[in-house]
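S.K.: Please see the structure below; I have some questions.
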Amino acid sequence: MPTLATALLQGLKDHGARELFGIPGDFVLPFFKIVEETAILPAFTLSHEPAVGFAADAAARYRSGIGVAVVTYGAGAFNVVNAVAGAYAERSPVVVVAGAPGARERASGLLLHHQARSVDTQFAVFREITCDQAVLDDPATAPGEIARVLRSARERSLPVYVELPRDMVDVEVAPVPVLPPRAAEPDALAECAAEIVALLGRAASPVIVVDVEVRRYGIEAAVATLARRLGIPVVTTFMGRGLLQQAPDVLRGTYLGSAGDPAVTRLVEDADALLLFGVILCDTNFALSEKRFDWRHTVLAIDRSVRVGHHVYPELPIEELVGALLARTEGDAAPKPRSLPPFEAYPRGLVADDRPLAPTDIATALNDLFDRHGPMPMTSDIGDCLFTAMEIDNTALAAPGYYAGMGFGVPAGIGVAAATGTRPLILVGDGAFQMTGWELGNCRRYGLDPIVIVFNNASWEMLRVFQPESKFNDLSDWNFAAAAPALGGHGERVSTRNELAAALERAVARRGVFSLIEAMIPRGVTSRTLARFVSGLKSARDRQ
Ligand SMILES: Cc1ncc(Cc2csc(CCOP(=O)(O)OP(=O)(O)O)c2C)c(N)n1
Ligand SMILES: [Mg+2]
C-alpha cells in the first residue's frame with residue numbers, strides 16, 4: 001500500500017497535476033522529502049510563498065488543469081493567502097497542500113510555533129478562499145477525502161485546501177481514486193440547449209462573449225467551432241483577453257465598454273442575443289458598459305449553472321452545454337456571416353527613432369516582434385502593463401484582470417515556463433517588480449529564460465491617474481537592469497524606441513538566461529487603453 005504522501009502525490013498526478021511549487025518548513029519537511037525522493041511530481045521551490053501561489057495559479061491557467069502549491073503551516077500558508085484569494089476570484093484551480101501539527105503536538109497543551117489564534121485558524125482562513133477542504137488526519141478516510149476535493153477543484157475550477165498533519169506522511173493508505181465527474185441531468189441539458197438555439201434563431205445580431213471558464217474547461221476550440229458554424233462573432237472580456245487566439249476568423253477583439261474599440265462595444269451592446277460563456281460579471285469586465293444587460297435575451301453560463309433569460313439551470317457544466325449546442329446545430333448551414341464592422345488594428349510598424357518611450361510603443365514593438373518571430377505566451381502584472389497588453393495582438397495571456405492584485409506577473413511567468421516548457425514574455429511595472437520580481441533569481445537553477453519587460457515609470461502610475469495630487473505615487477528609480485546580472489540574468493535599460501527594438505531582438509536571440517529589458521517611461525505617460533479606461537470610469541462616476 002502507498003503511504004499518504006505518495007498516495008497524495010500520485011492522486012494529484014492522476015487528476016492532472018504535472019508539477020508542484022512550494023517552500024518547505026518543518027511542518028512539511030517529511031512530505032518534501034518524499035516529493036524529492038519519489039519525483040512523482042517535479043518540484044519547483046521559490047523564494048516567497050506569494051510567488052508559490054502565483055506560479056501554481058498560472059500553471060493551472062495555461063494547462064487548463066490543476067496547479068499545486070505546497071506550503072508549511074502558519075507562516076507559509078498565511079503568506080500564500082492573497083494568491084489563493086486571487087485564484088478563487090479568477091476561477092483558477094490551485095490545490096493548496098499545507099502542513100500542520102500532528103496529533104501529539106495538538107494535545108501538548110503548548111502554543112505551537114507558526115500558530116495564530118488557534119491551531120485551526122489556518123483551516124478557518126482557507127475555508128473562506130477555497131471551494132472544498134480536507135484534513136488528512138484519518139488513514140481510512142484520507143484517500144476518499146483527497147479524491148473529493150480534487151474533483152471539486154476540477155468541477156468548479158476553484159482552489160481547494162488539503163491539510164497534511166506532519167505525523168500522517170508515512171501512514172499507509174489505499175490509493176486515491178479518481179471520482180467520475182458529475183454530469184448534467186440529460187433532460188435539463190436538452191431543454192437548456194433547445195431554449196438557447198431558439199433564442200439564437202430569433203436573433204439578427206447575436207454575439208458570444210468569452211471569459212476565463214472557456215479556458216479553464218478547455219472549450220476554446222469548441223466555442224470557436226460553434227461561432228464559425230452559426231456565423232456569430234466572438235469577443236473576450238478584459239479578464240478573458242488572450243482567449244481564442246487560435247481562432248482569429250471569429251474573434252473580433254476585447255470588450256472594454258467605453259474604454260474599448262467602439263466597433264466592438266457596439267457589437268456587444270447592440271446584440272439582440274448575448275451568450276456569456278464563462279464570464280465573470282465583475283467591475284473590471286463591465287464597469288464601463290454603456291448599457292445594462294437585457295436579461296430577456298442574455299445567456300450566462302458559469303460555475304456549473306446556466307442562466308437563460310430570467311431562469312437558471314443548476315448543475316449544468318459549461319463544457320456539456322457547448323457540446324449540446326454543437327450537437328443541435330450539426331449540419332446547420334452557417335447563415336451568411338454578417339458584415340462586421342472593421343476591427344481596430346493593433347499598432348504595428350514602430351518607428352525606431354530616438355523618441356522617448358510610451359507604453360503603446362512597447363505594444364507596437366511587440367506586435368512587430370511577434371510578426372517576425374511568432375507570438376510568445378504572456379503573463380502580465382496589474383498596472384499599465386496590463387492595459388498595454390490590450391494593444392498587443394492576441395496571444396495567450398495570464399493576468400489578474402479581475403482580482404487586480406500586484407505581484408502576479410513574474411512568478412506567473414516562472415510558473416508558465418516551468419509548467420509548459422515554453423518561453424514566456426512577462427510584462428510588469430516597477431512597483432509590482434519591487435514586490436515579486438526578485439523571484440527571477442530562481443530561473444538559473446531551473447534553466448528558465450523568460451523575457452521580462454519592466455515598465456519603469458518610477459511611479460505607481462495607475463494610482464496617479466486617479467489621484468494625481470499624491471506625492472506618494474513618486475517612486476525612486478531602482479535600476480532593475482543593473483540588478484539583473486546579480487540574479488543570474490541579463491539586464492538592459494532602454495529609453496528610446498530604437499533602443500527598445502534592438503534590445504528585444506537581442507533578448508529573443510539570447511537563450512538560457514532571463515533577459516530583463518527595463519523600459520524607461522516618463523512619469524505621467526500612459527497607454528491609450530489606460531487613458532480611455534480612466535476617462536470612461538470618471539464619466540461613469542459622473543453619471544452616477
Ligand atoms: C498587492 C497590491 N497592493 C496594492 C495595490 C494597489 C495598486 C494598484 S496599481 C498600483 C501601482 C502599480 O505600480 P506599477 O509601477 O507596478 O505599475 P504602473 O501603475 O503602471 O506604474 C498599486 C499600488 C494592488 N493592486 N495590489
Ligand atoms: Mg510604475
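The values are calculated or read from the model by the stated rules, or taken from the named source; none is laboratory data. Source: prediction; values computed, not measured. A quick note on method: Cβ atoms are made from the backbone with ideal geometry, for glycine too, and the neighbour counts reach across all protein chains shown.
S.K.: Name the residue, out of Ala247, Ala221, Ala194, Ala190, that is surrounded by fewer than 22 Cβ atoms within 10 Å (Cβ to Cβ), touching a residue at least 24 places away in the same chain (Cβ under 8 Å), small (Gly, Ala, Ser) and in a loop (DSSP other than H, G, I, E, B).
M.R.: The match here is Ala247.
S.K.: Scan region 32-49 and give yes if some residue there is away from ligand 2 (no atom under 16 Å from the Cβ), closer than 14 Å to Gly415 by Cβ and under 15 Å from the mean Cα position of the chain (by Cα), otherwise no.
M.R.: Scanning region 32-49 turns up no residue that is away from ligand 2 (no atom under 16 Å from the Cβ), closer than 14 Å to Gly415 by Cβ and under 15 Å from the mean Cα position of the chain (by Cα).
S.K.: Looking at (1) within 16 Å of ligand 2 (Cβ to nearest atom); (2) surrounded by fewer than 22 Cβ atoms within 10 Å (Cβ to Cβ); (3) not in a loop (DSSP other than H, G, I, E, B), which one does Ala519 not meet, given that it meets all the others?
M.R.: (2) is the only condition that Ala519 fails.
S.K.: If the Cβ limit is 6 Å and pairs must be 6+ apart or interchain, which residue in region 144-156 that is without any contact (Cβ under 8 Å) to a residue 60 or more places away in the chain pairs with which residue that is buried (at least 19 other Cβ atoms within 10 Å of the Cβ)?
M.R.: Correct list of pairs: Glu145/Ala134; Val149/Asp132; Val149/Ala134; Val149/Val160; Ser152/Cys131; Ser152/Asp132; Ser152/Val160.
S.K.: Considering only region 382-425, how many residues are within 15 Å of ligand 2 (Cβ to nearest atom), of a type outside the set (Gly, Ala, Ser) and outside any loop (DSSP other than H, G, I, E, B)?
M.R.: 6
S.K.: Quick one: in region 403-440, which of the residues that are among the aromatic types (Phe, Trp, Tyr) and out of contact with any Phe, Trp or Tyr (no Cβ under 8 Å at 6 or more places or on another chain) is nearest to ligand 1 (Cβ to nearest atom)?
M.R.: Tyr403
S.K.: While we're looking at this one, here's another question. Looking only at residues that are within 21 Å of the chain's Cα centre (by Cα) and among the β-branched types (Val, Ile, Thr) in region 123-148, which one is surrounded by the fewest Cβ atoms within 10 Å (Cβ to Cβ)?
M.R.: Ile129
S.K.: Within region 379-436, how many residues turn out to be of a type in the set (Ser, Thr, Tyr) and farther than 20 Å from Ser47 by Cα?
M.R.: 6
S.K.: Among the residues of region 379-396, how many are buried (at least 24 other Cβ atoms within 10 Å of the Cβ) and either over 14 Å from the mean Cα position of the chain (by Cα) or over 17 Å from Leu463 (Cβ atoms) (or both)?
M.R.: 10
S.K.: Please work out if Leu463 is aliphatic (A, V, I, L, M), over 22 Å from Thr388 (Cα atoms) and within 27 Å of the chain's Cα centre (by Cα).
M.R.: no
S.K.: Another one. Please go through (1) closer than 23 Å to Met378 by Cα; (2) not in a loop (DSSP other than H, G, I, E, B) for Arg241 and return the number of the only condition it doesn't satisfy.
M.R.: For Arg241, the exception is condition (2).
S.K.: Could you tell me whether region 438-446 includes any residue that is within 14 Å of ligand 2 (Cβ to nearest atom), under 19 Å from Pro50 (Cα atoms), modelled with pLDDT of 95 or more and not aromatic (Phe, Trp, Tyr)?
M.R.: Within region 438-446 (the criterion being within 14 Å of ligand 2 (Cβ to nearest atom), under 19 Å from Pro50 (Cα atoms), modelled with pLDDT of 95 or more and not aromatic (Phe, Trp, Tyr)), the answer is no, since none of the residues qualifies.
S.K.: Turning to a different aspect of this structure: Say whether the condition of being closer than 26 Å to Ala345 by Cα and touching a Phe, Trp or Tyr at 6+ places or on another chain (Cβ under 8 Å) is met by at least one residue in region 517-524.
M.R.: yes
S.K.: For region 283-305, which residues satisfy the criterion of being within 13 Å of Gly257 (Cα to Cα), touching a residue at least 24 places away in the same chain (Cβ under 8 Å) and assigned to a loop (DSSP other than H, G, I, E, B)?
M.R.: Residues satisfying the conditions are Ala287, Leu288, Ser289, Glu290.
S.K.: Right, here's the next one. Where in region 1-118 are there strands (runs of 3 or more DSSP E), lying wholly inside it, with at least 3 residues that are under 22 Å from Gly441 (Cα atoms), modelled with pLDDT of 95 or more and of a type in the set (A, V, I, L, M, F, W, C)?
M.R.: Where strands (runs of 3 or more DSSP E) fall fully within region 1-118 and carry at least 3 residues being under 22 Å from Gly441 (Cα atoms), modelled with pLDDT of 95 or more and of a type in the set (A, V, I, L, M, F, W, C), they are 20-23, 67-71.
S.K.: If you don't mind, there's one more thing I want to ask. I'm checking my understanding of the structure. Among residues of region 447-464 that are away from ligand 2 (no atom under 16 Å from the Cβ) and in contact with a strand residue (DSSP E or B) (Cβ under 8 Å, 6 or more places away or on another chain), which one is nearest to Ser64 (Cα to Cα)? Quick ask: steps written out before the conclusion?
M.R.: Residues of region 447-464 away from ligand 2 (no atom under 16 Å from the Cβ): 447-451.
When the remaining residues are screened for being in contact with a strand residue (DSSP E or B) (Cβ under 8 Å, 6 or more places away or on another chain), the result is 449-451.
Details: Asp449: 23, Pro450: 21, Ile451: 23 Å.
Among those that are away from ligand 2 (no atom under 16 Å from the Cβ) and in contact with a strand residue (DSSP E or B) (Cβ under 8 Å, 6 or more places away or on another chain), it is Pro450.
S.K.: Name, by its number, the condition in (1) surrounded by 21 or more Cβ atoms within 10 Å (Cβ to Cβ); (2) among the hydrophobic types (A, V, I, L, M, F, W, C); (3) in a strand (DSSP E or B) that does not hold for Val312.
M.R.: (1)
S.K.: Report, by residue number, each residue of region 78-97 that is crowded, with 24+ Cβ neighbours inside 10 Å, of a type outside the set (Val, Ile, Thr) and closer than 17 Å to Gly407 by Cα.
M.R.: Ala83, Gly86, Ala87, Glu90, Ser92 - these are the residues of region 78-97 that are crowded, with 24+ Cβ neighbours inside 10 Å, of a type outside the set (Val, Ile, Thr) and closer than 17 Å to Gly407 by Cα.
S.K.: Let me ask something else about it. Would you point out the residue of region 441-471, among those that are near ligand 1 (Cβ under 8 Å from one of its atoms) and charged (D, E, K, R), that is surrounded by the most Cβ atoms within 10 Å (Cβ to Cβ)?
M.R.: Looking at the filtered set, the residue picked out is Glu461.
S.K.: Going through region 493-516 one residue at a time, which ones are part of a strand (DSSP E or B) and more than 28 Å from the chain's Cα centre (by Cα)?
M.R.: Answer for region 493-516, where residues must be part of a strand (DSSP E or B) and more than 28 Å from the chain's Cα centre (by Cα): Arg493, Val494, Thr496.
S.K.: Can you tell me which residue among Ala398, Ala389, Ala432, Ala419 is at pLDDT 95 or above, in contact with a Lys or Arg (Cβ under 7 Å, 6 or more places away or on another chain), under 23 Å from Thr496 (Cα atoms) and of a type in the set (A, V, I, L, M)? Show your work before the answer.
M.R.: Numbers: Ala398 fails: under 23 Å from Thr496 (Cα atoms); Ala432 fails: in contact with a Lys or Arg (Cβ under 7 Å, 6 or more places away or on another chain); Ala419 fails: under 23 Å from Thr496 (Cα atoms).
Just a single option satisfies the conditions, and that option is Ala389.
S.K.: I'm checking my understanding of the structure. Among residues of region 239-286 that are farther than 21 Å from Ala224 by Cβ and β-branched (Val, Ile, Thr), which one is nearest to the chain's Cα centre (by Cα)?
M.R.: Taking the candidates together, the pick is Thr284.
S.K.: I would also like to ask the following. Can you go through Leu199, Leu274 and tell me which one is surrounded by fewer than 21 Cβ atoms within 10 Å (Cβ to Cβ), modelled with pLDDT of 95 or more, in contact with a strand residue (DSSP E or B) (Cβ under 8 Å, 6 or more places away or on another chain) and of a type in the set (A, V, I, L, M)?
M.R.: Being surrounded by fewer than 21 Cβ atoms within 10 Å (Cβ to Cβ), modelled with pLDDT of 95 or more, in contact with a strand residue (DSSP E or B) (Cβ under 8 Å, 6 or more places away or on another chain) and of a type in the set (A, V, I, L, M) holds for just one of Leu199, Leu274, which is Leu199.
S.K.: Within the group Ala352, Ala399, Ala358, which residue is crowded, with 24+ Cβ neighbours inside 10 Å and small (Gly, Ala, Ser)?
M.R.: Of the residues listed, the single one that is crowded, with 24+ Cβ neighbours inside 10 Å and small (Gly, Ala, Ser) is Ala399.
S.K.: Still on this structure, I have one more. If only one of Ala398, Ala417, Ala352, Ala412 is over 22 Å from Asp211 (Cα atoms) and touching a residue at least 60 places away in the same chain (Cβ under 8 Å), which one is it?
M.R.: On inspection, the qualifying residue turns out to be Ala352.
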